[in-house]
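The values are calculated or read from the model by the stated rules, or taken from the named source; none is laboratory data. Remember, it's a predicted structure, so these values are computed and weren't measured experimentally. Reconstructed Cβ throughout: ideal geometry from the backbone, glycine too, with neighbour counts over all protein chains shown.
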Amino acid sequence: MVICSHKWSYSLCNDISLLLIFYMNFKIILSLGLLLLTSLSVEAQCAMCRAVLESDESGQAAKGINNGIMYLMIFPYLLIAGVGYAIYYSRKNAKE
């Protein structure tokens, strides 16, 4: 039995590393599959907001709440993008 004697030969070292990679990928895929299969549907609105939106005939309240959600949702993404750009800019300047 050859144990890692040549980098191009099929050896025990290569076989073990391939098995470990396959095993890790299998665990990740299995975990994600189980997570997707066992997900439950959830309600995204509180009871009061839902009652107000269902009672409104014109739909203006629903449009207003949806716009408010979009405005609130954009700020975390802008902050993450700003921090990412600052890190990129500082690393770019450090290389020069």
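Here are a few things to note about the model shown:
- Yes/no for Ser58 being part of a helix (DSSP H, G or I), of a type in the set (S, T, N, Q), out of contact with any helix residue (DSSP H, G or I) (no Cβ under 9 Å at 6 or more places or on another chain) and farther than 18 Å from Cys46 by Cβ: no
- Selection within the range 59-84 - within 20 Å of the chain's Cα centre (by Cα) and among the aromatic types (Phe, Trp, Tyr): Phe75, Tyr77
- In the range 39-58, the qualifying residues are those that are within 19 Å of the chain's Cα centre (by Cα) and of a type in the set (Ser, Thr, Tyr), and the one that is modelled with the highest pLDDT is Ser39.
- Being at pLDDT 80 or above, loosely packed, with under 10 Cβ neighbours inside 10 Å and assigned to a helix (DSSP H, G or I) is a property that Asn67 lacks.
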